[in-house]
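Q: Here it is: the structure, laid out below.
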Amino acid sequence: MSAHRVVGIIGGMGPEATVELMRRVTARTCAEDDEDHVHLLIESNPKIPSRIAHLIEGTGRDPLPEILRVARNLQGAGADALAIPCNTAHHYAEQVQAAVTIPLLHMVKLAVARIAASNPRGRVGLLASTAVHRVGVYERPLAERGLEVILPHRQDSLMALIRGVKRGETGAEPSRRLAEIGAELGDHCEIALIACSELSLISSHLAARVRVLDALDVLADAIVEFAGARTR
């Protein structure tokens, strides 16, 4: 594989989170000119059926067939690896990896590994969609590392914030409310993991209230490293 590695983004889950991943990849790349940046192929497809509707409410269509179609399209278009800026969609990560012959930069595994390296026996506060909790996207790999998962007392309020971001509510008030939930969680854990890319968009005040790791940042770092670009 050449030093010029192309990363395909299975996007649209949600659209703003996809744009935010691209922004963070750009911000983390040490570049003197355009050609120093990472070559990304992005299919931002907001028509992928809702993961929340399918996994929580049991009313929506299965998103997996469309996710697999996008994955194969990106490989066919020249991607050397894939990334998914949606934590909930990692419920389908094994099927995605099996459908292509290029690696999936697995955001969940990467985030869990980073937490385990710095908190080998710590308690992790999980800021995530209820769908992530329901199918154990993070609970299982964290437990395998001996890490205890702590959930917010106000999970319903957290879900309201996630749904609000999908409606475009990303201002100061949602950010303040997330910081409050994070501060409450911080009383019971050593680190809070932002495990929903909608919450990444309103996390600007969170680090002032609790020690935080954002899975979207971990994925951005992995993309820059895989592509062979220099990191800031």
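The values are calculated or read from the model by the stated rules, or taken from the named source; none is laboratory data. Because the structure is a prediction, the values reported are computed rather than measured. For neighbour counting, all protein chains shown are included, and Cβ atoms are generated from backbone atoms with ideal geometry for every residue, glycine included. To get the accessible areas, we keep the full protein, side chains included, count just its heavy atoms, and leave off ligands, DNA and RNA. Shrake-Rupley method; radii C 1.70, N 1.55, O 1.52, S 1.80 Å.
Q: Answer yes or no: is there a residue in the range 91-114 that is more than 17 Å from the chain's Cα centre (by Cα), open to solvent by 60 Å² or more (accessible area, probe 1.4 Å) and within 20 Å of residue 206 (Cα to Cα). Lay out the reasoning, then the answer.
A: The initial filter retains those residues of the range 91-114 that are more than 17 Å from the chain's Cα centre (by Cα), namely 95, 98-102.
Going one step further and asking which of them are open to solvent by 60 Å² or more (accessible area, probe 1.4 Å), we end up with 95, 98, 101.
After this cut, where a residue has to be within 20 Å of residue 206 (Cα to Cα) as well, the list is none.
No: zero hits.
Q: Looking only at the range 94-109, decide whether some residue is over 22 Å from residue 45 (Cα atoms) and of a type outside the set (Asp, Glu).
A: Taking every residue of the range 94-109 in turn, at least one turns out to be over 22 Å from residue 45 (Cα atoms) and of a type outside the set (Asp, Glu).
Q: Still on this model: Of the conditions (1) surrounded by 15 or more Cβ atoms within 10 Å (Cβ to Cβ); (2) farther than 20 Å from residue 93 by Cα; (3) without any contact (Cβ under 8 Å) to a residue 60 or more places away in the chain; (4) within 19 Å of the chain's Cα centre (by Cα), residue 170 clears all except one; give me its number.
A: (3)
Q: Also: Scan (1) assigned to a helix (DSSP H, G or I); (2) among the polar types (S, T, N, Q); (3) touching a Leu at 6+ places or on another chain (Cβ under 7 Å) for the single condition residue 170 breaks and write down its number.
A: For residue 170, the exception is condition (1).
Residue-wise test of (1) at pLDDT 95 or above; (2) under 20 Å from the mean Cα position of the chain (by Cα).
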position: 143; (1), (2): no, yes
position: 146; (1), (2): no, no
position: 154; (1), (2): no, no
position: 157; (1), (2): yes, yes
position: 160; (1), (2): yes, yes
position: 163; (1), (2): no, yes
position: 166; (1), (2): no, yes
position: 174; (1), (2): yes, yes
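Q: Any residue at all in the range 127-146 that is within 24 Å of residue 19 (Cα to Cα) and either open to solvent by 30 Å² or more (accessible area, probe 1.4 Å) or touching an Asp or Glu at 6+ places or on another chain (Cβ under 7 Å) (or both)?
A: Checked against the condition, which is being within 24 Å of residue 19 (Cα to Cα) and either open to solvent by 30 Å² or more (accessible area, probe 1.4 Å) or touching an Asp or Glu at 6+ places or on another chain (Cβ under 7 Å) (or both), the range 127-146 yields at least one hit.
Q: Residues that are closer than 23 Å to residue 24 by Cα: find the helices (runs of 4 or more DSSP H) completely inside the range 52-136 holding 2 or more of those.
A: Those helices (runs of 4 or more DSSP H) span 64-76, 107-118.
Q: Next up: Name the single residue, out of those in the range 186-209 being crowded, with 21+ Cβ neighbours inside 10 Å and β-branched (Val, Ile, Thr), that is nearest to residue 127 (Cα to Cα).
A: Here the answer is 194.
Q: I've got another one for you. Within the range 152-180, can you find the residues that are among the aliphatic types (A, V, I, L, M), over 15 Å from residue 213 (Cα atoms) and in contact with a helix residue (DSSP H, G or I) (Cβ under 8 Å, 6 or more places away or on another chain)? First the steps, then the outcome.
A: Step one: filter the range 152-180 for residues among the aliphatic types (A, V, I, L, M), giving 158-162, 165, 172, 178-179.
Retained after the next criterion (residues that are over 15 Å from residue 213 (Cα atoms)): 158-162, 165, 172.
Once the filter is applied, which keeps residues that are among the aliphatic types (A, V, I, L, M), over 15 Å from residue 213 (Cα atoms) and in contact with a helix residue (DSSP H, G or I) (Cβ under 8 Å, 6 or more places away or on another chain), the range 152-180 yields 158, 159, 161, 162, 165.
Q: Another question about this same structure. When the range 90-122 is examined, which residues are found to be in contact with a His (Cβ under 8 Å, 6 or more places away or on another chain) and either at positive phi or touching a residue at least 40 places away in the same chain (Cβ under 8 Å) (or both)?
A: 90, 107, 108
Q: Please specify each residue of the range 45-74 satisfying the condition of being open to solvent by less than 40 Å² (accessible area, probe 1.4 Å) and charged (D, E, K, R).
A: Across the range 45-74, the qualifying residue is only 51.
Listed here are the residues, each with its yes/no results for (1) open to solvent by less than 20 Å² (accessible area, probe 1.4 Å); (2) outside any loop (DSSP other than H, G, I, E, B); (3) among the aromatic types (Phe, Trp, Tyr); (4) out of contact with any helix residue (DSSP H, G or I) (no Cβ under 8 Å at 6 or more places or on another chain).
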{"site": "8", "(1), (2), (3), (4)": "yes, yes, no, no"}
{"site": "19", "(1), (2), (3), (4)": "no, yes, no, yes"}
{"site": "26", "(1), (2), (3), (4)": "no, yes, no, yes"}
{"site": "35", "(1), (2), (3), (4)": "no, yes, no, yes"}
{"site": "43", "(1), (2), (3), (4)": "no, yes, no, no"}
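Q: Looking at the range 152-165 only, could you name the residues that are outside any helix (DSSP H, G or I) and crowded, with 18+ Cβ neighbours inside 10 Å?
A: Listed by number, the list holds a single entry, 152.
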